[in-house]
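The values are calculated or read from the model by the stated rules, or taken from the named source; none is laboratory data. For clarity, every value in this text was computed on a predicted model and none was experimentally measured. Note that we place each Cβ from the backbone using ideal geometry, even for glycine, and neighbour counts take in every protein chain shown.
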Amino acid sequence: MLTQENLRIVKELFAAFGRSDEEAMLALVADDVEWITPGEDWPLAGSHLGHAGLEDLIRKSAEELETSFPEPPEFIAQGDKVLVIGSSTGKVKATNKSFEDHFIIAVTVRDGKVSHVREYVDTQALARASEMP
């Protein structure tokens, strides 16, 4: 039963992300959430800690990228872990270059809240789209 509840929480988190509902996202994550985005030398990369870190990541994402999710993601859950598998398309606003990103996002749920998120994204696709002419 716990696995199904954790799956529901993660699905709600990604639905809130998809509709840009920051308040709903923050309600679903732990106060000490850690959200890790791989990469270097671009604004979204790094470890984003707590609600303030997540708010900053959401703001930067909206400023830097236009993103859409052409297909609903797949969710795989076991215990406190949920994997989100999917793809996104979009463009980097500063360069106006488009990208296609296939991702896996590993989520840990603790005591009914998302406590840890680690993105595994196509950093090469995002780096190419971020290159200035």
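If you scan region 21-53, which residues turn out to be farther than 23 Å from A127 by Cα, outside any strand (DSSP E or B), in contact with a helix residue (DSSP H, G or I) (Cβ under 7 Å, 6 or more places away or on another chain) and of a type outside the set (D, E, K, R)?
Within region 21-53, A24, M25, L26, L28, H51 qualify.
Return the pairs, sorted by first residue and then second, in which the second residue is loosely packed, with under 14 Cβ neighbours inside 10 Å, the first residue lies in region 14-38 and is under 13 Å from T108 (Cβ atoms), the beta carbons are less than 7 Å apart, and the residues are 6+ apart or on different chains.
Close Cβ pairs satisfying both conditions: A30/R110; E34/S47; I36/S47.
Restricting the search to region 54-74, which residues are under 24 Å from M132 (Cβ atoms), outside any strand (DSSP E or B) and touching a residue at least 12 places away in the same chain (Cβ under 8 Å)?
L57, K60, S61, A62, E63, E64
Conditions (1) modelled with pLDDT under 90; (2) of a type in the set (S, T, N, Q), marked per residue:
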{"site": "T3", "(1), (2)": "no, yes"}
{"site": "N6", "(1), (2)": "no, yes"}
{"site": "L13", "(1), (2)": "no, no"}
{"site": "M25", "(1), (2)": "no, no"}
{"site": "E34", "(1), (2)": "no, no"}
{"site": "W42", "(1), (2)": "yes, no"}
{"site": "A45", "(1), (2)": "yes, no"}
{"site": "R59", "(1), (2)": "no, no"}
{"site": "E63", "(1), (2)": "no, no"}
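May I ask you to list the residues in region 75-126 that are under 14 Å from the mean Cα position of the chain (by Cα), part of a loop (DSSP other than H, G, I, E, B) and touching a residue at least 24 places away in the same chain (Cβ under 8 Å)?
Within region 75-126, just V121 meets the criteria.
On the phi < 0 side of the Ramachandran plot and touching a Pro at 6+ places or on another chain (Cβ under 8 Å): is that true of T89 in this structure?
yes
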